[in-house]
Amino acid sequence: MKSHTITGGGGIQLHIVEAGRPNGRPVLFIHGFSQCGLAWEAQLRSDLADDYRLVAMDLRGHGLSDKPRESYADTRSWADDIDAAIQSLRLDRPMLCGWSYGPLVILDYIRHFGERDISAIQFVGGVTKLGSAEARSVLTHEFLGLAPGFFSTETEESVRSLEALLRMCFAKEQSAPDLYRMLGYSVSVPPHVRRALLSRSVDNDDLLNNLRKPVFIVHGTVDKVVKVSAVEQHKAAVPHAQIHLMPHSGHAPFADDPAGFNQHLRRCIVAIPAM
């Protein structure tokens, strides 16, 4: 895999990895809350790389990207980061694939830059709004109960909450090395970043109602973080969206069933109209 450092919104440095065919149709993977681009390793190292250009970024505040104290509430900052990835790496109308918190960042981008430079959107166990009763209605009580620990500056409490979240993400138990590797990059996200991410107030229904590019929605049927009812919210707002429920998969279906997820992703890419 190749690594890149690019300049995102406000001049912050963003870390990006890519694999696959340089001239293949690009997919830009956007990870979730307190994660990093390595979350997509089962895609980056799969046979998808034989045909497509696979790019995964560390969002601001995460992984090897800069972790400023501020600049998480402004939709423009997130939008500029995605635009910087597309322009700096010369991605030719990528499919944007966002997990969990990722769709919020995708919609930040579309709010400011529109859909011209992308080919399609995929939400994976995703949410598209924050800070309201409707937004909380699709989050499980178990996830919401962990939130105070996410914000704690006490290491033991923070680690305990993040480990509990990771265990909730998967329907299949992860090996100890995999779990603690993920916990390592999850803990590396400072508490002030985690608080800022979940303190945003966002409602993207106005954008969802006007999306024109293909939209693919993937959700695990045993997701313990985002309820399956989120799919109903999104389908109501985006009638042309194609829904794929993955049985026996949790909040991270791309890790619970990477072969099944990758096969479906390939079908989605093939279905995108030529530009």
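The values are calculated or read from the model by the stated rules, or taken from the named source; none is laboratory data. Just so you know, these numbers come straight off a predicted model, no measurement behind them. Because the Cβ atoms are built from the backbone with ideal geometry, glycine has one as well, and the counts that use them run over all protein chains shown. We work out accessible area using only protein heavy atoms, side chains counted, and drop any ligands, DNA or RNA first. Shrake-Rupley method; radii C 1.70, N 1.55, O 1.52, S 1.80 Å.
A few notes on this one:
Residue-wise test of (1) over 19 Å from PHE254 (Cβ atoms); (2) out of contact with any strand residue (DSSP E or B) (no Cβ under 8 Å at 6 or more places or on another chain).
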position	(1), (2)
SER88	yes, no
SER119	yes, no
PHE150	yes, yes
ARG160	yes, yes
LYS172	no, yes
TYR185	no, yes
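- Of all residues assigned to region 14-35, none qualifies as being touching a strand residue (DSSP E or B) at 6+ places or on another chain (Cβ under 9 Å), closer than 26 Å to LEU179 by Cα and without any contact (Cβ under 8 Å) to a residue 12 or more places away in the chain.
- Any hit, region 180-198, residues being open to solvent by 20 Å² or more (accessible area, probe 1.4 Å), of a type in the set (Gly, Ala, Ser), closer than 24 Å to LEU162 by Cα and not in a loop (DSSP other than H, G, I, E, B): yes
- Against the list (1) in a loop (DSSP other than H, G, I, E, B); (2) within 21 Å of THR5 (Cα to Cα); (3) in contact with a Lys or Arg (Cβ under 8 Å, 6 or more places away or on another chain); (4) of a type in the set (A, V, I, L, M), the condition ALA73 fails is (2).
- Put simply, of LEU91, LEU59, LEU64, LEU48 the only residue that is part of a loop (DSSP other than H, G, I, E, B), at pLDDT 95 or above and either on the phi > 0 side of the Ramachandran plot or in contact with a Lys or Arg (Cβ under 9 Å, 6 or more places away or on another chain) (or both) is LEU91.
- Residue check for LEU245: modelled with pLDDT of 95 or more and open to solvent by 70 Å² or more (accessible area, probe 1.4 Å): yes
- Within region 135-154, the residues that satisfy the criterion of being of a type outside the set (Val, Ile, Thr) and in contact (Cβ under 8 Å) with a residue 60 or more places away in the chain are ALA135, SER137, LEU139, GLU142, PHE143, PHE150.
- Residue within region 229-252 that is touching a Ser or Thr at 6+ places or on another chain (Cβ under 6 Å) and β-branched (Val, Ile, Thr) present: no
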